[in-house]
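The values are calculated or read from the model by the stated rules, or taken from the named source; none is laboratory data. Bear in mind that the values here come from a model prediction, so they are computed numbers and not experimental data. Please note: Cβ atoms are built from the backbone with ideal geometry, for glycine as well, and neighbour counts cover all protein chains shown. Quick note on the areas: whole protein, heavy atoms, side chains included, nothing else; ligands and nucleic acids left out. Shrake-Rupley method; radii C 1.70, N 1.55, O 1.52, S 1.80 Å.
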Amino acid sequence: MRSIWNGAISFGLVSIPIKLVNATESHSISFRQIHLADGGRIRYRKVCELDGEEVPGAEIGKGYEEGDGSIIPITDEDLGQLPIATARTIEIMSFVPAEEIDPLQMDAAYYIAANGATAAKPYTLLREALKRSRKVAIAKYALRGRERLGMLRVVDDVIAMHGLLWPDEIREPEGVAPEADVSVREAELDLADALMATLGEVELSSLHDDYREAVEAMITAKAGGAFEPAEAVVEPAGGKVIDLMAALEKSVKEAKASRGETGAEAGTEAEVRPIRRKAAAAAPKAVGGKKSTAAAAAPKAVGGKKSTAASAKKTASGATKKTTAAAKSTKTTKSAKTAKTAKSAKTAATKSTSAAAKKTTAKKTAAAAKKAAPRKRASA
């Protein structure tokens, strides 16, 4: 492969002579502009504005146009003498994990080849260091009249470099996301997950450009005079309201059919359904305090026959009634004893009060008699 740039990789104090080779190529079909009236080709001629003559490529250079329209000529020698380290050097600045690189920054890709036998050792050293660290190198380099940012990584046994856009060249996605507040249900996410799982993974090497192949077939047919245009079936875009759940279910079904799953495997409808949570069983209600919980929870007899559970229910009900009657009897007995005790206490209190009254009356009578008795005079 032909190199497009020669220089060196600066890795600390290590310098690796390298050649830069394009890692990608375009297979798109190029068209020429023609005159529709007679099929003649339309060409762009590079003409000098001052003398009006066509100028060949060897006499064409580059210059910078100022605001007033004047041109300042710039030569390759001028650019090569710029006081920057990256003029002919890919300068490695740091090593970072690959996941820190935003894919939006990815630009053109290149292969880096060792330039000469002396470059083999340091080239292999850098390659193995990148492999073992599982990191990528961030570098700066100058190419085609401007300084660029690059990322070096290992592809098989070769060091590849991806041109990166500068961070300030990535536009903010303002006004791109939907403005409406949209909520997605769990059932819709479940169907989307099922569709993703059904589609599975794909080998990227198996993908190809269907449009380019169709264009090539059309050109071949027209060249042979046997081209018959076929009308393409195009779905109308926009303004169509769809049932998202139905579309997802149909997509899952078609994806399964495309994978060879037929009949019971593919199913007439998507097998994924929203998960329905069972409602908690209601607690049995107590009726009048007579029927027990066990009686309420007892299963019904099957086939019209009385089951053991039904007998147990009847027994439990009878036992409950007996227990209730016993409880009432006990309550009545306790009430009677309490009443009798209270009556005894009242009688004792009445007797005690009567005795105290009699004692008080006797004391008053004795005092009155003592006061009424005549006093004896003392003898002279």
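Structure values in brief
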quantity	calculated
Carbon + sulfur, % of accessible area of region 1-43 - ligands and nucleic acids excluded, 1.4 Å	51 percent
Vicinal HN-Hα couplings computed from phi for region 42-59 (Karplus, 6.51 cos²θ - 1.76 cosθ + 1.60; Hz; Gly/Pro x)	9, 10, 9, 9, 8, 10, 6, 6, 7, 10, x, 9, 6, 10, x, x, 5, 9
Largest to smallest principal axis extent of the C-alpha atoms in region 29-93, angstrom	57, 36, 24
Neighbour cut-off at most 14 other Cβ (10 Å), DSSP loop, trypsin sites (Lys or Arg not before Pro), region 34-127	ARG43, ARG45, LYS46, ARG88
Point-to-point label distance, ALA197-LEU244, nm (Cα→Cβ direction, 7 Å offset)	2.1 nm
Coil-residue GluC sites (Glu not before Pro) of region 46-101, DSSP, other Cβ within 10 Å capped at 16	GLU49, GLU53, GLU66
Solvent exposure, largest accessible area first (probe 1.4 Å, DNA, RNA and ligands not counted), of HIS27, HIS162	HIS27, HIS162
Cross-link table LYS62/LYS140; LYS19/LYS131; LYS222/LYS250, entries beyond 29 Å C-alpha to C-alpha	LYS222/LYS250
Surface per residue (accessible, 1.4 Å probe) for region 34-177, Å²	73 Å²
